[in-house]
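K.L.:
Have a look at this one before I ask anything.
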Amino acid sequence: MTKSRLLKYAFLGITAALIAHYLIKKEEKPKGHPRDYAEIAAEGIIHASTEYNSISFYVDGDTVSGFHYELIEAFARDKGLQVQVSPVMSFNQRLEGLANGTYDVVAYGIPATSELKDSLLLTSPIILSKQVLVQRKVGENDSLAIRSQLDLAGKTLNVVKGSPSILRIRNLSNEIGDTIYVNEIEKYGSEQLIALVAHGDIDYAVCDEAIARSAADSLPQIDINTAISFTQFYSWGVSKQSPVLLDSLNSWLERFKTKKEYKKIYRKYYK
């Protein structure tokens, strides 16, 4: 793939996210306090944030798609609500928006870690996934080649700012008994980091396996075969001040995941 095409791929998500922001969310919701289900129902609109990528949420022409987008749309439809989705690249910003009431739900895969459970409420599991290392394909004897987690000693891994994978990398550093450096990048999402690896701007990134596999279809020069975490449950998140919203989401998910519509959406993005 040419340099120009890689650069286009790397920054396309940012441009499209800005476009989607104005298409889907014409007016910024005033910041206030986290809302529970009664307030959401009274307004008739649920505000959600997610990441712009080919799995969660993306714009293709005049069509909006994505696993988490279609799922939150289905929830809103079944509850008689409208949904306004904001693509936010920074995981920290999604959590901040949840805390100040800008968003009612983070409709994005969040690993069910004890640390995150201390700061927000997680829904029942939605998908199973894991974090993987993204690197360029190189020769076996190349100094950049990572063949096992032990090879990560002294390396710098790039992640989306505030990503839950940071905690896993720190734990992995303790497990291998050596330092693994973390570089948090605020303005790019997972797919943009993958494109930067493919182009050679950075050597390593860590992201969700499903996003990495989707990107690998068009970026055959990347290697995504080294796992950073075990396979684990991923959920949506709501504020601790929104317990009724959590119950509503959980009861809906329990029913919806048994339906053909859910299986069709799942196969569409996770194959």
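K.L.:
Would you mind listing the helices (runs of 4 or more DSSP H) fully within region 165-271 where at least 2 residues are within 20 Å of Phe75 (Cα to Cα) and open to solvent by 40 Å² or more (accessible area, probe 1.4 Å)? It would help to see each step written out before you state the result.
P.N.:
Values: elements: 165-176, 190-199, 209-216, 243-256, 260-270.
In region 165-271, 243-256, 260-270 are the helices (runs of 4 or more DSSP H) which contain 2 or more residues that are within 20 Å of Phe75 (Cα to Cα) and open to solvent by 40 Å² or more (accessible area, probe 1.4 Å).
K.L.:
Further, regarding this structure: Under 6 Å between Cβ atoms, which residue pairs at least 6 apart in sequence (or on different chains) link something in region 231-256 that is closer than 23 Å to Glu115 by Cβ with a partner that is open to solvent by 60 Å² or more (accessible area, probe 1.4 Å)?
P.N.:
Thr231/Leu128
K.L.:
While we're looking at this one, here's another question. Go over the candidates Arg136, Arg147 one by one and state the one that is basic (Lys, Arg) and surrounded by fewer than 16 Cβ atoms within 10 Å (Cβ to Cβ). Write out each step before concluding.
P.N.:
Working: Arg136 fails: surrounded by fewer than 16 Cβ atoms within 10 Å (Cβ to Cβ).
Testing whether each residue is basic (Lys, Arg) and surrounded by fewer than 16 Cβ atoms within 10 Å (Cβ to Cβ) leaves just Arg147.
K.L.:
Within region 61-104, how many residues turn out to be touching a residue at least 60 places away in the same chain (Cβ under 8 Å), more than 21 Å from Leu120 (Cβ to Cβ) and open to solvent by less than 20 Å² (accessible area, probe 1.4 Å)?
P.N.:
Counting residues in region 61-104 that are touching a residue at least 60 places away in the same chain (Cβ under 8 Å), more than 21 Å from Leu120 (Cβ to Cβ) and open to solvent by less than 20 Å² (accessible area, probe 1.4 Å) gives 2.
K.L.:
Do we have Ala48 as more than 24 Å from Val182 (Cα to Cα), more than 16 Å from the chain's Cα centre (by Cα) and modelled with pLDDT of 90 or more here? Full working, then the answer.
P.N.:
Details: more than 24 Å from Val182 (Cα to Cα): yes; more than 16 Å from the chain's Cα centre (by Cα): no; modelled with pLDDT of 90 or more: yes.
No; evaluated as a whole, the condition is false for this residue.
K.L.:
Could you give every pair whose Cβ atoms fall below 8 Å, whose first residue belongs to region 169-185 and is closer than 14 Å to Ala153 by Cβ, and whose second residue is open to solvent by 80 Å² or more (accessible area, probe 1.4 Å) and part of a helix (DSSP H, G or I), counting only separations of at least 6 or pairs across chains?
P.N.:
Every condition considered, the pairs that remain are Ile176/Leu150; Ile180/Arg170; Val182/Arg170.
The values are calculated or read from the model by the stated rules, or taken from the named source; none is laboratory data. Just so you know, these numbers come straight off a predicted model, no measurement behind them. Note: ideal-geometry Cβ built from the backbone for every residue, glycine included; neighbour counts use all protein chains shown. Note: areas computed on protein heavy atoms with side chains; ligands, DNA, RNA excluded. Shrake-Rupley method; radii C 1.70, N 1.55, O 1.52, S 1.80 Å.
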